[in-house]
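Asker: Can you keep this structure in mind? I'll have questions shortly.
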Amino acid sequence: MDLKMTLTLSALVCTAAALSSDLFAQEQPAIRPPAVPLVTSDPYFSIWSASDTLTGKSTTHWTGKPHRLTALVRVDGKAFRIMGDAPAEIPAMKQTQIQVYPTQTIYQFEDAGIRLTLTFTSPMLPDDIAVLSRPVTYVTFAAESTDGNTHDTSVYFDAAAELATNTGEQAVLATREKVGSLNVLSVGTEEQPVLLTKGDDHRIDWGHLYLAADADSSTAAIAPADSARAAFASGETLVDVVSADPVAAKDAAVLALSIPLGRVSAQNVSQHLMLAYDDEFSIRYFRQMLRPYWRKDGADAASLLKTAAKDYDSLMKRCTAFDNELVADLNRIGGASYVQLGVLSWRQGLAAQKVCADDNGQPLMFSKENFSNGCIATVDVLYPAAPQLVVFAPSLLKASLVPLLDYSSTPLWKHDSAPHDLGQYPFAVGQVYGGETSSPMPVEESGNMLIMLGALSKTEGNAEFADKYWPVLTTWYNYLKEHGLDPANQLCTDDFAGHIARNSNLSVKAIMGIASYGMMADMLGKKDVAKAATTTAREYAQKWMEMASAGDHYQLVFGDAGKGTWSQKYNLVWDRLLDLNIFPPEVARAELSFYKTKMNPYGLPLDSRKSYTKLDWELWTATMAENDEDFRKITDACAKWARETHSRVPMTDWYETDSGKQSGFQARSVVGGLFIGLMRDKAIWHKYASRDKLKADHWAEIPWKMPPMKRVVAAADTTPATWKFTTDAPAGKWMVENFDDAGWKSGQSGFGTEGTPGAIVHTQWNTPDIYLRRDFELDGEKMVDPQLLIHHDDDVEVYINGVLAMRGNGFVTSYTPQPLSKAAKAALRKGRNIIAVHCRQHTGGQYIDVGLVDVLPLSEKK
């Protein structure tokens, strides 16, 4: 592949404005993405190709689990495969090119006398949050003759039912309907367990997947994959084989569309379809279930599809114009390598987050800590991701900060440092990492929050947003003033090689946090406060230079333990970008000069302990450079890694700089940090930021207050109960009412190991699995909203009278109300009932206990 950024899109998407033909005089090295973004919407609706060719492998969810999309083309009666590795008996059309732009991925194929272009467009336009939040990807097929003849051409596309499930065993139901002028196919689970599960390696299993195209130019069918594809290949009409009964997703029919392009000549012909996902409710936000932002004014799936269809032409033009502009600006700042990194980061950074609406219709944005512990709204994930939002969508940075700031302002948060997270995705119900009783990264997160608020204030030219939370910010400032200069032994975001005390880069973060607080105080007219904070920051900077000095560079840690060490001081970047002027420029110059001696083939190691690095921090370090040569030395190595790594996953941010191998993490929002380089040019930075017309404000009050709860079945947090249990996998349907558990042991709740956060252990459980059963009586009085009160570590499934009530991945650190499935609520009855539980241990602490409570209903955003 020979990718030239001088190519135009006009021949690829017929409605799009052409890319400027004089963007670059030089050729860009071929982009060979680690994985190619196809459908990018949010942490659940995220589909990728991890192959050099679109037909080399089946498409997957970012977690690596199959999320299969298949596309075929038929030219003069001969069928070719253009997406997916099945059916193997249909030959793959030769792929000649792949291009990746910020909002679009474009494949080109040639054979049988035609050139076929397949374009995936996710219109993630930062100046239009209503459009950015839509869970819609357009798939455009464009064809032209290459041999001077006309060719009868049709295309085929199908989506597997697994896109709407967490596992292939879940039962699904598929439907077809006409929505306006559209053929619409949809599939979703029978169970629809809305917001009942959480965790990292987890896919959505509520809501519905939609496949839609213009009814006049498409044939739609729900049919077995083999028969639908065979029918298209042979030129037969697709025929519905819709089952009225639920079928396991792995055995279910596909949603299929056949679209004729007609007699294709030298003139480009195109048609498109839409792939969409309506989750209906997206996030549990304390005592609320939040709607996705695009639903805030009452929209539903039908209106989403009709609006998206109407907007196709205009959005293609807008996406092409944005792609063209951003590519040009990336090139201006960092050349071809920076272009490559930017186009690979744009959609990934935004698709690892979800935009919802609060009761006032204001946006709330929640990131997911992908491929780690699945935490939601993690501060040390939001911090590296923030430059994408600072530059392009300040309102979305506010939308990300509001939940954390509001949480920190409630009695739920009892610490004088900032929290780490708000829960485990998609449950934003309070910190889980370390529990609410601890603050595991106090200097890290307090510095992160103050710096992000400082960057936001700098972008907007005022600190009005920060002023609303000034008491909380002052608490964090005071914490950093006392504990930040010489940090104690604690976790920070760089400590993959283990915790260390006296971390010099963490100290820089604290100093930048103090300085950011001073800058915001000055903007607010708090001159005495500003002077005191700035003075403190400068005094600390002088002390830092003395404590960290190693002659030609600065140490990883202060003192004798730091002799012979070094580290990336990427937090220094804010001193220049925010015009804080706390450290002498010589500090950054010395560091950049020293880093040149430590470069490996694929980049700059994070520090002297290991050869691995963090991609986001490399770009922050590069942005400290005062000249283009030093900036590009690092970005060139990063781009080389992206082209050559054998780790074929949505771009990792943690990899080995010698081998290029993935160390961990993938598909994370932190790649949004790569756009920090654009902040080197304030004109570019403020050009994009000024387009944020939303001016989000007046958020609804955080719904944190717990409603009254009536205990129906006690848990160990109040009264231990007797359960029957076994640690051996039981034979048969162990969860149903009439199962014979006479051979099981008896024990008092809770079950687990001492030291597990929040656990109240009365019966030791230290094996991989435990199965529990107990009876309880109901008096027949109607409950308002029965919910489980559960504390689990790790994965759990709970049944009531043999009906699945909830599943949970990962862990919680306190007793937490969890909604029952509709089927479980219906299964509750007067008299004897059975709760049955299976909990599985993976790593770390372990604990399980379950009760039943009656609570006020969750408010729902209409």
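The values are calculated or read from the model by the stated rules, or taken from the named source; none is laboratory data. These figures come from a predicted structure and were not determined experimentally. When we count neighbours, we look across all protein chains shown, and the Cβ atoms used for this are built from the backbone with ideal geometry, even at glycine. These accessible areas exclude ligands, DNA and RNA; they are computed on the full protein's heavy atoms, side chains included. Shrake-Rupley method; radii C 1.70, N 1.55, O 1.52, S 1.80 Å.
Asker: Can you say whether residue 377 is in contact with a strand residue (DSSP E or B) (Cβ under 6 Å, 6 or more places away or on another chain) and at positive phi, as far as the supplied structure shows?
Answerer: For residue 377, the condition - in contact with a strand residue (DSSP E or B) (Cβ under 6 Å, 6 or more places away or on another chain) and at positive phi - is met.
Asker: Return yes when residue 128 is out of contact with any helix residue (DSSP H, G or I) (no Cβ under 7 Å at 6 or more places or on another chain) and over 26 Å from residue 219 (Cβ atoms) and no when it is not.
Answerer: The answer is yes for residue 128.
Asker: Can I ask one more? Output the qualifying pairs, or none if there are none: Cβ atoms under 6 angstrom, residues six or more apart or on different chains, first residue in the stretch 238-260 and within 11 Å of residue 223 (Cβ to Cβ), second residue open to solvent by 70 Å² or more (accessible area, probe 1.4 Å) and at pLDDT 95 or above.
Answerer: Hits for this filter: zero, empty list.
Asker: Of the residues 117, 70, which single one is within 24 Å of residue 225 (Cβ to Cβ), open to solvent by less than 40 Å² (accessible area, probe 1.4 Å) and touching a residue at least 60 places away in the same chain (Cβ under 8 Å)?
Answerer: 70
Asker: Additional query: Hey, could you check the stretch 557-581 for residues that are farther than 16 Å from residue 609 by Cα and part of a loop (DSSP other than H, G, I, E, B) and say which is most open to solvent (accessible area, probe 1.4 Å)?
Answerer: Only one residue tops the list, namely 581.
Asker: Any chance you could count how many residues in the stretch 466-489 are in contact with a Ser or Thr (Cβ under 9 Å, 6 or more places away or on another chain) and closer than 25 Å to residue 411 by Cβ?
Answerer: Residues that pass the stated criteria total 11.
Asker: For the subset of the stretch 403-444 comprising residues that are part of a loop (DSSP other than H, G, I, E, B), under 21 Å from residue 374 (Cα atoms) and among the small types (Gly, Ala, Ser), which member is modelled with the highest pLDDT?
Answerer: 418
Asker: Can you name the residue in the stretch 88-114 that is closer than 16 Å to residue 144 by Cβ and small (Gly, Ala, Ser) and, of all such residues, is surrounded by the most Cβ atoms within 10 Å (Cβ to Cβ)?
Answerer: Top of the filtered list is 112.
Asker: Can you confirm whether the stretch 606-618 contains a residue that is β-branched (Val, Ile, Thr), part of a helix (DSSP H, G or I) and touching a residue at least 24 places away in the same chain (Cβ under 8 Å)?
Answerer: Among the residues of the stretch 606-618, not one is β-branched (Val, Ile, Thr), part of a helix (DSSP H, G or I) and touching a residue at least 24 places away in the same chain (Cβ under 8 Å), which makes the answer no.
Asker: When the stretch 342-353 is examined, which residues are found to be out of contact with any Leu (no Cβ under 9 Å at 6 or more places or on another chain) and within 21 Å of residue 694 (Cα to Cα)?
Answerer: Passing the criteria: 347, 351.
Asker: Working only within the stretch 516-556, note down all residues that are in contact (Cβ under 8 Å) with a residue 40 or more places away in the chain and among the charged types (D, E, K, R).
Answerer: 538, 543, 552, listed by residue number.
Asker: Would you confirm whether any residue within the stretch 352-365 is of a type outside the set (A, V, I, L, M, F, W, C), touching a Lys or Arg at 6+ places or on another chain (Cβ under 9 Å), under 23 Å from residue 665 (Cβ atoms) and not in a helix (DSSP H, G or I)?
Answerer: yes
Asker: Taking the stretch 591-605, which residues are buried (at least 19 other Cβ atoms within 10 Å of the Cβ) and either in contact (Cβ under 8 Å) with a residue 60 or more places away in the chain or part of a helix (DSSP H, G or I) (or both)?
Answerer: Selection gives 591, 592, 595.
Asker: Considering only the stretch 262-313, state which residues are open to solvent by less than 40 Å² (accessible area, probe 1.4 Å), among the basic types (Lys, Arg) and over 22 Å from the mean Cα position of the chain (by Cα).
Answerer: Across the stretch 262-313, the qualifying residue is only 287.
Asker: Can you tell me which residues in the stretch 445-484 are part of a loop (DSSP other than H, G, I, E, B) and either open to solvent by 30 Å² or more (accessible area, probe 1.4 Å) or touching a residue at least 60 places away in the same chain (Cβ under 8 Å) (or both)?
Answerer: 461, 462, 463, 468, 469 - these are the residues of the stretch 445-484 that are part of a loop (DSSP other than H, G, I, E, B) and either open to solvent by 30 Å² or more (accessible area, probe 1.4 Å) or touching a residue at least 60 places away in the same chain (Cβ under 8 Å) (or both).
Asker: Separate question: With respect to residue 836, determine if the residue is among the small types (Gly, Ala, Ser), in a strand (DSSP E or B) and touching a helix residue (DSSP H, G or I) at 6+ places or on another chain (Cβ under 8 Å).
Answerer: no
Asker: Run down 85, 152, 127 and say which single residue is open to solvent by 10 Å² or more (accessible area, probe 1.4 Å) and closer than 17 Å to residue 38 by Cβ.
Answerer: 85 is the lone residue from the list that is open to solvent by 10 Å² or more (accessible area, probe 1.4 Å) and closer than 17 Å to residue 38 by Cβ.
Asker: Same structure, new question: Select from the stretch 182-221 the residues that are among the small types (Gly, Ala, Ser) and crowded, with 19+ Cβ neighbours inside 10 Å and list them in ascending order.
Answerer: 186, 188, 199, 207, 212, 213, 218, 220, 221
Asker: Please state which one of 278, 311, 297 is in contact with a Leu (Cβ under 8 Å, 6 or more places away or on another chain) and either acidic (Asp, Glu) or at pLDDT below 95 (or both).
Answerer: After ruling out the rest, the residue left standing is 278.
Asker: Consider residue 65 carefully, then state whether it is open to solvent by 40 Å² or more (accessible area, probe 1.4 Å), of a type outside the set (Gly, Ala, Ser) and more than 30 Å from residue 322 (Cβ to Cβ).
Answerer: Yes.
Asker: Being surrounded by fewer than 24 Cβ atoms within 10 Å (Cβ to Cβ) and not in a loop (DSSP other than H, G, I, E, B) is the filter here; which residues of the stretch 48-60 pass it?
Answerer: Result: 60, single match.
Asker: Here is a follow-up. Would you tally the residues in the stretch 847-860 being modelled with pLDDT of 95 or more and either hydroxyl-bearing (Ser, Thr, Tyr) or assigned to a loop (DSSP other than H, G, I, E, B) (or both)?
Answerer: 1
Asker: Among the residues of the stretch 667-690, what is the count of those that are assigned to a loop (DSSP other than H, G, I, E, B) and crowded, with 24+ Cβ neighbours inside 10 Å?
Answerer: 2
Asker: Yes or no: the stretch 419-440 includes at least one residue that is buried (at least 24 other Cβ atoms within 10 Å of the Cβ), closer than 28 Å to residue 566 by Cα, aliphatic (A, V, I, L, M) and in contact with a Phe, Trp or Tyr (Cβ under 8 Å, 6 or more places away or on another chain).
Answerer: No, because not a single residue in the stretch 419-440 is buried (at least 24 other Cβ atoms within 10 Å of the Cβ), closer than 28 Å to residue 566 by Cα, aliphatic (A, V, I, L, M) and in contact with a Phe, Trp or Tyr (Cβ under 8 Å, 6 or more places away or on another chain).
Asker: Of the residues 834, 770, only one is at pLDDT 95 or above and under 33 Å from the mean Cα position of the chain (by Cα); which?
Answerer: None of the other options fit; the residue is 770.
Asker: Would you confirm, using the coordinates I've provided, whether residue 499 is closer than 25 Å to residue 614 by Cβ, open to solvent by 30 Å² or more (accessible area, probe 1.4 Å) and in contact with a Leu (Cβ under 7 Å, 6 or more places away or on another chain)?
Answerer: Criteria met by residue 499.
Asker: Which residue pairs have Cβ atoms closer than 6 Å, lie 6 or more positions apart in sequence or on different chains, and pair a first residue in the stretch 355-380 that is more than 18 Å from residue 694 (Cα to Cα) with a second residue that is charged (D, E, K, R) and part of a helix (DSSP H, G or I)?
Answerer: 379/445; 380/444
Asker: Do the conditions hold for residue 607, that is, is it more than 26 Å from residue 52 (Cβ to Cβ) and acidic (Asp, Glu)?
Answerer: In short, yes.
Asker: Okay, moving on. Please work out which one of (1) at pLDDT below 95; (2) buried (at least 22 other Cβ atoms within 10 Å of the Cβ); (3) out of contact with any strand residue (DSSP E or B) (no Cβ under 7 Å at 6 or more places or on another chain) is the condition residue 326 fails and give its number.
Answerer: (1)
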